[in-house]
Every structure is written in C-alpha cells, then in structure tokens.
1. Show me the helices (runs of 4 or more DSSP H) found entirely inside the stretch B:385-480 where at least 2 residues are surrounded by fewer than 22 Cβ atoms within 10 Å (Cβ to Cβ) and over 30 Å from the mean Cα position of the chain (by Cα).
2. Yes or no: B:Thr189 modelled with pLDDT of 95 or more, in a loop (DSSP other than H, G, I, E, B) and not assigned by TED's automatic domain parsing to the domain that holds B:Gly749?
3. For B:Thr494, state whether it is closer than 30 Å to B:Asp604 by Cβ and not small (Gly, Ala, Ser).
4. Only one residue in B:Ile748, B:Ile687 is buried (at least 24 other Cβ atoms within 10 Å of the Cβ), within 14 Å of chain A (Cβ to nearest Cβ) and in a helix (DSSP H, G or I), so which one is that?
5. Which condition from (1) aliphatic (A, V, I, L, M); (2) crowded, with 16+ Cβ neighbours inside 10 Å; (3) closer than 22 Å to A:Gly263 by Cβ is the one that A:Leu231 breaks?
6. Specify the residue that is nearest to B:Gly258 (Cα to Cα); the eligible residues are those in the stretch B:172-225 that are free of Cβ contacts under 8 Å to residues at least 60 places away in the same chain and of a type in the set (Asp, Glu).
7. I'm trying to understand the selection: among the residues of the stretch B:596-644, which are assigned by TED's automatic domain parsing to the domain that holds B:Gly682, of a type in the set (Gly, Ala, Ser) and farther than 30 Å from B:Leu473 by Cα?
8. Mind listing whichever residues of the stretch A:222-243 are free of Cβ contacts under 8 Å to residues at least 12 places away in the same chain and either of a type in the set (Asp, Glu) or within 12 Å of chain B (Cβ to nearest Cβ) (or both)?
Amino acid sequence: MYAFDIERPTTLAEAVKHMAASEENQALGGGQTLIPTLKQRLASPEKLISLTGIDEIRGICEDDAGRICIGAATTHAEVAAGATAYPALAALAGNIGDPAVRNRGTIGGSLANNDPSACYPAAALGSGATIVTDKREIPADDYFEGMFATALEEGEIITEVKFPVPQKAAYMKFEQPASRFALVGVFVAKYADGVRVAVTGASEEGVFRWSEAEAALASDFSAGAVEGLSLSGDGMISDLHGSGDYRAHLVGVMTKRAVAAAG
Amino acid sequence: MPKDSGIGASSKRREDVRFLTGAGHYTDDIDLRGQAYVHFLRSDVAHGILKNVDTSAAEGMPGVVCVFTGADFAEVGGLPCGWQITDREGNPMQEPAHPVLAQGKVRHVGDPIAAVVAETREQARDAAEAIEVEIEDLPAVVDMKAALKDGAPKVHDDLTSNLCYDWGFVEENREAVDAAIKSAAHVTTLELKNNRLVANPMEPRVAVGDYSRSTGESTLYTTSQNPHVIRLLMGAFVLGIPEHKLRVVAPDVGGGFGSKIFHYAEEAFCTFAAKALNRPVKWTSSRSEAFITDAHGRDHVTKIELALDKDNNFVALRTETHANMGAYLSTFAPSVPTWLHGTLMAGNYKTPLIYVNVKAVFTNTVPVDAYRGAGRPEATFQLERVIDKAARELGVDPVELRRQNFITEFPYATPVAVEYDTGDYNATLDKLLEIADLAGFEARLAESKKNGKLRGLGVNCYIEACGIAPSHLVGQLGARAGLYESATVRVNATGGLVVMTGSHSHGQGHETSFAQVVADMIGIDENMVEIVHGDTANTPMGMGTYGSRSLAVGGSAMVRATEKIIAKARKIAAHLMEASEADIELKNGQFSVAGTDKSVAWGDVTLAAYVPHNYPLEDLEPGLEETAFYDPSNFTYPAGAYACEVEVDPDTGKVTIEGFAAADDFGNVVNPMIVEGQVHGGLAQGIGQALLENCAYDEDGQLLSASYMDYAMPRADDVPFYRVDHSCQTPCTHNPLGVKGCGEAGAIGSPPAVVNAVIDALQRAGRDVTHIDMPLSPSRVWDAMNKG
C-alpha cells in the first residue's frame, strides 16, 4: 500500500465536494476490491473518500412506483436481510462472497467497479434497474460499458439503485472454484412487459443481455423454451477455469435453472 | 474401553488452548530491539540476463539502511542440496549453483535480485521500487519435454542440458521388465500428470536474523520444520558459521506440509545481514510472495504400463516419469521422484518385476520439493489409476483385482529394494467395504440417477514408507545427512519432566501425544511432562519433522531416553528401599519391592537424585537426565484402503464428494483423536489436489494461479464428513512403540480414489472417458464428457 489520506464525509454534498477537489481522489465503498488493489500497490490514489458514513445513501425503501430503492452504501448483508419485497435480489446479495465480504461490500461499490464476474451487475441489468448518481439517473441498459467500464463520469457518485420488482425472478450462479465469483451467473426476471436475461462472468465485454433467450421466454416462460438456444464461445472469457465454449454452454444451463427456480 | 490417559487415550491437544486463544507465539510475533525490515526485489520475468542493477536511487530513499545485490553474496556460499542422485550411467546428477541473491541471471518469477533493508517495511518496499533493473529477456523453459529437446534454452548455462538426472531403478531389471511386458497376456497403459501444487500453510514464512557482538553468536528465528537441519546447512554450507556460534529457533509454526523443511535464501539473507549491519533484520512473506518463493510440490508427467497374465496376475510394471525440479535444486528435491517414489511402486501388490525411470528436469519455474507425501502420492496415484483402468479393460471388479494381487506374507521384499515388515491389506480392505457401506451403493446410485446426477465409486489401496529413515541406507542412496532422531529427558527434583526432542511440531500435536507416551511409561499424570522443541539451543541435534517420522523415530528416541531414566530410577529406588534392583517394580508412578508392601513414590526417587543425602554416590551419579539417539533399522509401512463416492452434474461437469471412507493401518496408535485429525487434514489436501488445486504457468513462465483468486484451496463445503477407521493394526516390528506414522496417508491415498470415482461415474453413464488429469475441475470434466 502507498500512503494516502482518507476523508469520511457524512453528507453527500461533502462527498461530492471532496471528489471534485482532485482527479486523484477515489471514492471508497466497502473496499472489497479497492483495498486489495491498494495493498498490491496497483493503485495510488491521493485521497480516499469513504462513502459508508453517509446515512442519506444507505438503506432500503420502496418508491411510489413500487420500485425497491437501495442506497448505494447499503451492504450486501443488509440487502440480503432487507430486500424482502424482491426475494431474488435478496438471495443474490446473500450469496455474494462470504460473510466478511457481505458485511463490508456495498451495492454502489460493486456497480461502480463493474467486475465482469460480479453478481450485482446481472441483477441491475436483468431488472432494468435505474442507477441514480449525484448528477443524474442512468438506465441499466446504458450504464454497463464493458469490463470495469461504466457510464460514470470522473468523480460521479452512485447514490441509489432503483429496482422494478418483477413477477418472477431468480439468479443462478456457477462459481469459479477458487474465487467463487461467478464463472457464469444468469439473472432472469419476468415483467408484465417482457423477460430480461442478464449474464455475468461469461463475456469479455462484461455483463450482457441474452436477447434470444429473452424473446423465447417472453412467449413461453419455461426452461424448455431455452432448450434449443445456444451462444457462441467467441468473445467469451477463456482462462484456467474454463474455455469460452464451456462458459457459453453454462449460460444455457444456468438460464434454464434460473427459469426453473423462478417458477 | 477407551483409555482416559496415556498411550491410546484421546487426550485433548494441550497446545490448542494457546492456538485458539491467540496466545500462540509465532516467528512473526518476534520483534527485536532495533530491528530493521527487508524487502526483496524479485524478478518479474521467468528467464533473463541481469545486465545491470542500479541501487543508487534506492540507497538515498527515506529510512533505507542498506541495499544488497548478488555482488554482496559473490563470496558467500550457495544454498546446498541435501541429496545427490546417481544416474543410470553411474554419474552424479547435474547440480547447479543456487545463489542467495541472483547472480548474472534470473531463472524464475520470484527469483530475488536485490534486498533492501530499511527502518520500516513500507520504506523497504518503496526503495525496492526505486531500484533500476535491466534484464535481457530470454525464452522461458516451462514444459519439461520441450526443455529436454536439442537446442532448448538452458536454465543453467554451465550445465550440459536441462536434465538434472536420468535415473533407472532397478536398472538391472530393465530388460527383464521389457521382456515380460512384451509377452504379457494384457498390458494396460496410462499417461497422466500429477499436478503441481502450492503448499499454502496458514502461516507464511518469516525469518528474523539477529547477531550479538557480545557473544559473536548469530541467531535465526524461522518458520521451520527442522531447525537443526537449517543450522547445519546454513552454517556449514552458506555462511560459514560453526554450530556453536549459530542458534536457530523455530517457535510455533503454523503448518508446513513439507514446504518448511527446506533452507531458503531469505533465512540466509537475514542471518547474514544482521551481522553485517549489526542489527536484527526481519522478513515476513506476503501470501503473494509465498506463491512464487515457497517450494512447490508434485509436478510429474508419467507413462505407466501394467502387464498381467491370462489369470489377471500382475507380472510386470514399467513407469517413465518426467519430474520438474524448477529452476534450482531445493534442499531435498532430487530424492522425491527417486527414492521416495520408485521404492513405493510395488504398492500393496506382489508384482515380481518393476522398472522405474525418472528424468528430472530444470525449468524456469519455482523449485519443486517435498509436499505432504513427497513421491509416495505420485507413486500411489499412477499405480492405483492404472490398476483401475486395467480392471475396466478386463471387465473385472477393481476391488477383486487388487485383492487377487495383494501381498499377504510378511516380511516381504519388493523388487524395488524395500522390505515391508508387516501389514494386512485384506483386513483394511474388508474394513473399508464395511465402513463405506458398499452394499448400499446401488441404492444410492439409483437415487442420484433420479436426481439427474451421475454417481460413481472409486476404491484404491495405498502403502507408504514412513519413519524416515535408516541412516546407513539413505547414505548409500545419496543422502547427505543422517536421519536419526534424538531426545533428552530431564527429570526435575520434584518429579516433573521436560522432554527435549529434535522433532518439531507445527500442527501435529506432539506436545500432547509425546507427553502421553512418557507419562504412560512411568505411570504419572500427562501434565507432569512438558515437551520442548524447536530451539537448537535447548534440544539435542535432531533432524526434524517430515515423512511421518516424528513418533516412529523421534518417539522412539524419547522411549529409549525414558527407558534409561527408568533404569536409573530403579537403582535409586532399590537403594532407598534397601532391596535388590531386580525386585523393583514400577507401576502407576510407584516403585515397589516385589512381594512386599514396601514402596517409594516417583517423586521420592527424583528428589533423591537431586538431594542425594541417602544415595549410592559410589555407584551412581546424582541427577536424572538422559539422552538417546534413535536410528531406525527400516522404514515403517502404513497402508490402507480408501473409498470415494462422487456425484457428477452432467450439465456442468461439477463433481461433488458424497462420501469418503478411509481404513488405515498405522500400527499402534497413541492418540486416536490426533490420528483422526491427521487423516482428515490429509484427505482434505488429497481432495484439494484431485478436484481443485492447479498451480499453472503460462508459456512465458508467468504463474497463472498466483493468488487465491485463481488457486483453489479446499474449503469446508468441498469435503464430506469422513468415515475413518484405524482399528486394523499390525504393529511395526522394529520400533519400540510399534507405530508407523499417520501424517501423510490421507494425502497419499485419496487422489486416486477421487479420480477413480469420477471415471466410474462417467463410464456408468456410458461416456467413453478413461482418464482426466487433476484437478478434475468442472470445465475439465465437462470437456472430457463432450470431447469429439
């Protein structure tokens, strides 16, 4: 770790001010990715701006449109326990990492980092969530821009994520044996106006929607509807833990299982 | 009736109180006054010429005390290798220099180039980043077979090739084995890999060097399984410090699994720098550093052929193995694929003709050396896999094929130079079939099928050679050390005992089980016995702990020393009771005169030894302290049978272990609970190797699995509830306790059981899969199921 300063603002306005002060300043959520990165000396921010002490971006509520609104600094454990109105989301949060990770890691941190194998991007994209920042509201379809890349601008802070609650949904994760991140994770959600299928862990482009499966499931929401569909292994991540073809195959398997679990 | 104390009792591990309450005292807990910290600048390329190392900027950095490079070690010895192998032609192996800091070339990612000593860890690290290193990249040698091709880049320019040795065993049998295979009714051939592993003890390595100008003595505190061996190797071969001016202390050590046997560069550096700088120097490995500096394990590529006659009797066995040595020869590396591997190729079977060929190869990777089992898992894996394959080819029951070929008469001299003293392989196999509930397998198979899962059953046997080792024998085989063990038993005036042992406990529970033995021999409470280990200043010269040797060899030394104590105490007791020594009996800590009601307590005798007012001073020295060295006359041969049941998810290839049973014959057992714990740990490591652990390099020699993000360690939910049994006991015939050793069995016996089970599951499902290389990760199993 290199030496750095840290600020612990208690209001969003303060945090925004700190972030604007220097491009070398870095927002800190639960630190589950950033702190190991710092320990490896792979990043050297001047100042960390901790967001977890800001009460106004923490907690779970329901808005007038019936959406589940989760403050960006809400931990995975809090979502697992508190997002009872959206069980598939609560289940996803409750199966991220281990208890230590879930007690520190935050939804805002996960979405801002957009690790290609993280779980939350699948939930956000699969639910058609809205990512709210200190500046604007970004639809999930416009937010994810590839591995570790998002629509966030320099210094922009996620404050809240709004999830429309589907009729049925489930997330199925096939774990990478070492990290237990998603080797492939599929989030399936059925809404009145259609089905969304979001895939994490598989693609070199990060989380993506499997439109072919969405179309098939829209007319027949059953595991059988996905049976004949397949994805190409081209553009899929290929590493020690599995080839692109294997990941492409797993997307089909996990999609079917998610549909079956959604009921 | 289970005993509640002494030999055979499951006494609770006394050391766990401190380990579990944070009171353990590990090397990293040692901070000395005036201590400085070292950070090693390590090569980030696998192979290259060191053109220039410019430390000038680093030297001016805040807090820097001194920067060392290879040039500072030009006059210092290299790290020695403790075992010399003689090749098929009778020539010694090729043995390259192994400098403390790289000189001229870097040979693996992690090779230390420079060392910065500074006031704080962070300052040392900052300054290391300011060192300018110019390296001319060379092509890396990673694949062993490619390394042996003509024109392959050489890891060591001064050697003739990358071949360390080409070893044949038993060379005289070679032609007879070839002929027997040629004329056999059936030959089963299998090519396989024994995957490279990273040991990953919970505690990373640490070294603290200290020097006293007052006494001229150097002290090294280190995470070692054998402090006396480190003292001898480092003192005599690297730094030129005589033993009486060098103390090595290995306090509580958080696991070793072999990786803390060896003498490492960081130990020599800290000891050297402490004297040069006249202040303590400390190094604490990070986990990342451990991946690229701790010796790795296994990494064999093997072709094995098993020949059978028309009645399915084994008639000959031939194996050819390429064994990776890595970039340098670690302390005992050459012995692992040879004497610890070739001598076990008979397994539990009466195969009359065996030939083992091993080519040891240098590559641009981390040195490879002993890891839990060391050579014996590699032997067991290939043998038990090829037998399983043979059974499937011949359409016979794999269990019965094994049973038919069992060695049943003991002692048994194998065609690979060892003599099994005792064993009963049918007994452990029968016990296994009982505890694994093989009778219920078909029902479980049907249940799995109903759930869409493929179920399989794998059974195998194993034998190992433990209690390492008879010195006269290993000396003939190239060991540059003796392998006896030592103990000093010091009885205090009021009757308590301190046992100073050359063995070292780093998780094995010696402080409990060793005390049980001595207390049982005298008939006193276990709490009256303290076990001291790990400090060369207060223990007799001993060879340490590895190869499941501590109780069999170290325990035997302790028994011998305690026997001497008892013999002397009987003389004192006879004097006190004015009786003949021949009539003295010792029972429950009381000396009595046979046939009388006269007795004196243990404490009366020990007090008399130190307050010799009424004492036979003309015949006997006062005091009660004895030392014994014990050199075993043979190895011990624990053996057993293991069964694994798996389910394979046909959609994903994921394997789950549904059941695991182990029936072991460890001879006599001192503490059944500790033995079970050792088996559990070994099984977890074996299952880890079989399903999860994959130390992989890319073609440039970069370690792909360099952290827990990619190197999968077994976790609690990866392993089942084990069913273990050690009630089949054929006591060792040549050591006083009749014990054989239990530390490595689990890791040796379990990988073939897992792989056999997966292959069984796939073949039952009609898949044409005869082998999958470990680890059997989901993607590998799926690939194998869907190939073609």
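1. Working: elements: B:398-405, B:425-435, B:441-450, B:471-476.
Filter on the stretch B:385-480 gives B:398-405, B:441-450.
2. Criteria not met by B:Thr189.
3. When the stated conditions are applied, B:Thr494 passes them.
4. Result of the check over B:Ile748, B:Ile687: B:Ile687.
5. Tallying (1) aliphatic (A, V, I, L, M); (2) crowded, with 16+ Cβ neighbours inside 10 Å; (3) closer than 22 Å to A:Gly263 by Cβ, A:Leu231 fails exactly one: (3).
6. Selected residue: B:Glu217.
7. Correct list: B:Ala643 only.
8. Answer for the stretch A:222-243, where residues must be free of Cβ contacts under 8 Å to residues at least 12 places away in the same chain and either of a type in the set (Asp, Glu) or within 12 Å of chain B (Cβ to nearest Cβ) (or both): A:Asp234, A:Ser238, A:Asp239, A:Leu240, A:Ser243.
The values are calculated or read from the model by the stated rules, or taken from the named source; none is laboratory data. Predicted model, so just to flag it, every value in this text is computed and none were measured. No Cβ is skipped: glycine too gets one built from the backbone with ideal geometry, and neighbour counts run over all protein chains shown.
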